[in-house]
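A.B. asks: One structure coming up, written as structure tokens, with questions to follow.
The values are calculated or read from the model by the stated rules, or taken from the named source; none is laboratory data. Remember, predicted model here, so these are calculated numbers, not experimental data. Neighbour counts run over all protein chains shown; Cβ positions are idealised from the backbone, glycine included.
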Amino acid sequence: MYATLPIEVYEAFEKIIGKEDARKVIKSIETTINDVTEIKWKTTKAELLEDMEKKFATKDDLKDDLSLLKTELEGKIESLNQKFNFMIILMIIALTLMNPVAAEIIRGLIK
């Protein structure tokens, strides 16, 4: 947005230093205001981007977090898989021992 000074300022300068000089002075002041505003905006933009980079997670941060989570989950799944296999073996043993036919086979082996 381009800064402009009110016409009253121009008229005041025109009365004191003349039309051409007033025009030059006003243009210089407006250019200076615009340059300072633009420099401040660029600085502010850079500062905002820097703050955003500090506060928000990047792709690499998320990838690291996800790979850590994946490793933890794989470990837990492996542990549950071992427990599940152990429970299946126990159930097979219990069902076998409770089966009347299996009981007869075991009695036959013991004698």
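A.B. asks: Here is a list: 15, 40. Which entry is modelled with pLDDT under 80 and surrounded by fewer than 11 Cβ atoms within 10 Å (Cβ to Cβ)? Full working, then the answer.
C.D. replies: Numbers: 15 fails: modelled with pLDDT under 80.
Just a single option satisfies the conditions, and that option is 40.
A.B. asks: Ok, one more. Please go through (1) within 21 Å of the chain's Cα centre (by Cα); (2) at pLDDT 90 or above for residue 80 and return the number of the only condition it doesn't satisfy.
C.D. replies: The failed condition is (1).
A.B. asks: Now a separate question. Go through the residues of the stretch 1-12 one by one and say whether even a single one is at pLDDT 80 or above and more than 32 Å from the chain's Cα centre (by Cα). Spell out the reasoning first.
C.D. replies: Within the stretch 1-12, the subset at pLDDT 80 or above is 12.
Restricting the remaining residues to those that are more than 32 Å from the chain's Cα centre (by Cα) gives 12.
Yes; the residues of the stretch 1-12 include at least one that is at pLDDT 80 or above and more than 32 Å from the chain's Cα centre (by Cα).
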